[in-house]
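All remarks here apply to the structure that follows.
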Amino acid sequence: MSPVPAVLNSALPATAVEIAAKAKGYADQAQAENTRSAYASDWAVFEEWCGRQGVASHAADAGIVLAFLVDTAGKVTVSTQRRRLAAIKSRLRHFGLALDTSAEPFRSVWKGIRRAHGRPPAKKSPLMPAQLRRALGAVPSGLTGVRDRALLLIGFAGGLRRNELAAIEVLARPGADWIEEGPDGLTIHLVRSKGDQEGEGQAIGIPPGMHRSTCPVRAWRAWLEASGITAGPAFRSIDRHGRMSEDPLCAHSIALIVKRAAIAGELASGASQSDAEAVAKKFAGHSLRRGLATSAARNKAPGHLIQKQLRHRKYDTTAGYIEEAQLHDENAASYAGL
């Protein structure tokens, strides 16, 4: 939690206490909810470690923090350590301490840890159109299958994150993400997202598909008709008896739906159960988003259009997707005459 800003922490009249409380609330909102949650967890780990060492976490200096990083090096990823360091710095600032990591030996030891234990991030495989078609053809029948088709196609075409899919509602209401159908296709209105932390709002267009079986607009209509949903969460949990809940799917459930669809698609192509399950380990909720970016790049879609659909703030992020997709197409070795 953030402290009351110093400028408002002076002697305030009783009538201004409420203003100070509001200021603290705004300070808490300076970081995204996911960041605050991760930082709180990271601080708890550091606090527990300090307790075992017999030192005060709230008064930790650079030497103590460096000892923590050395002791945990290799036990967690470098990216986790980097986030923990940021969390520790953030929390110590709340206690009025500025952690200085610019001096030796901190810099050299921390650099050595990164070089010794740094690994490329594990990326989930993109769910490509051919795989998506097989998966769509193999989803279960009934209400669950209708929902999964709509979810997979809208998630793919919209380049949506799994938490964005989980939050979509059918009708507009203040503070909620929602989806509507118009003459040109679907429009998803996001009130706030990872790339829009200040809540300026984003709109994502999803045009009709060229093929009936993979058209997200048709799949959405079919889901609304089958489910009877007229308001509230768009994608809801369904039990094994086909009973639909009033509650939305969670992000984890969406990742499982993608994995389940990938397994079904592999089985439909003739793969064994063990092979299909091995392939499915490469997929997760993010595979829909990666699938759109990769397939669009391979089909020579302009980079700025891919960036717009994925809502990346920086083109460098989009360029990473494009470079991976065109790794073999745009390659100097293909001009070598081998």
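The values are calculated or read from the model by the stated rules, or taken from the named source; none is laboratory data. Source: prediction; values computed, not measured. For neighbour counting, all protein chains shown are included, and Cβ atoms are generated from backbone atoms with ideal geometry for every residue, glycine included. Side chains are part of the model used for accessible areas, which takes the heavy atoms of the whole protein and leaves out ligands, DNA and RNA. Shrake-Rupley method; radii C 1.70, N 1.55, O 1.52, S 1.80 Å.
Rounded to the nearest Hz, the phi-derived 3J(HN,Hα) couplings of the stretch 277-288 under the Karplus curve 6.51 cos²θ - 1.76 cosθ + 1.60 (θ = phi - 60°) are 5, 5, 5, 5, 5, 7, 10, 7, x, 5, 5, 5, where x marks glycine and proline.
Accessible area of Lys300 (1.4 Å probe, protein heavy atoms only, ligands and nucleic acids ignored): about 110 Å². The length gained on full extension between Ala333 and Met210, counted as 0.36 nm times the residue separation minus their Cα-Cα distance, comes to 40.8 nm. Seen against the Cα atoms of the chain and their longest principal axis, helix 216-227 is set at about 90 degrees. Principal-axis analysis of the Cα atoms of the chain puts helix 78-94 at an angle of about 50° to the longest axis.
For Ala261, what charge total do you get from the other residues with a beta carbon under 12 Å from its beta carbon, if Lys and Arg give +1 and Asp and Glu give -1? Taking every Cβ under 12 Å from that of Ala261, the sum is +4. Across q = 0.16, 0.24 Å⁻¹, the stretch 224-327 modelled as identical point scatterers on its alpha-carbon atoms has Debye log10 I(q)/I(0) values of -0.93, -1.12, in the order of the q list.
Surface composition of the stretch 225-312: carbon plus sulfur atoms contribute 53% of the solvent-accessible area (1.4 Å probe, protein chains only, all chains present). At Lys75 and Val109, where each label point lies 7 Å from the Cα along Cα→Cβ, what is the point-to-point distance in nanometres? That separation, rounded to one decimal, is 1.5 nm. With respect to the chain, whose longest principal axis is taken over its alpha-carbon atoms, helix 17-28 is tilted by about 60°. In the context of the full set of protein chains, residues of the chain present 57 Å² of accessible surface per residue (probe radius 1.4 Å, heavy atoms only). Note on the stretch 257-305: Rg/Rh from Cα positions, Kirkwood definition for Rh, rounded to two decimals, is 1.11. Between Gln53, Gln131, Gln307, the residue with the greatest mean-square fluctuation in the GNM of the chain (Cα pairs under 10 Å linked by springs) is Gln53. In units of the rule-of-thumb radius 2.2 N^0.38 Å, the stretch 163-311 shows an alpha carbon radius of gyration of 1.13. Legend: residues Ser125, Ser287, Ser79, sorted from most to least accessible area (1.4 Å probe; ligands, DNA and RNA excluded), read Ser79, Ser125, Ser287. Each listed q (0.11 Å⁻¹) maps to a log10 I(q)/I(0) for the chain, found by the Debye formula over equal Cα scatterers with no solvent: -0.92. The residues packed around Ser141, meaning those with a beta-carbon under 15 Å from its beta-carbon, carry a net charge of +3 if Lys and Arg are +1 and Asp and Glu are -1. Using the rule -39500 (n - 2.57) for each DSSP H run of four or more residues, divided by the residues of the chain, the 222 nm mean residue ellipticity is -16500 deg cm²/dmol.
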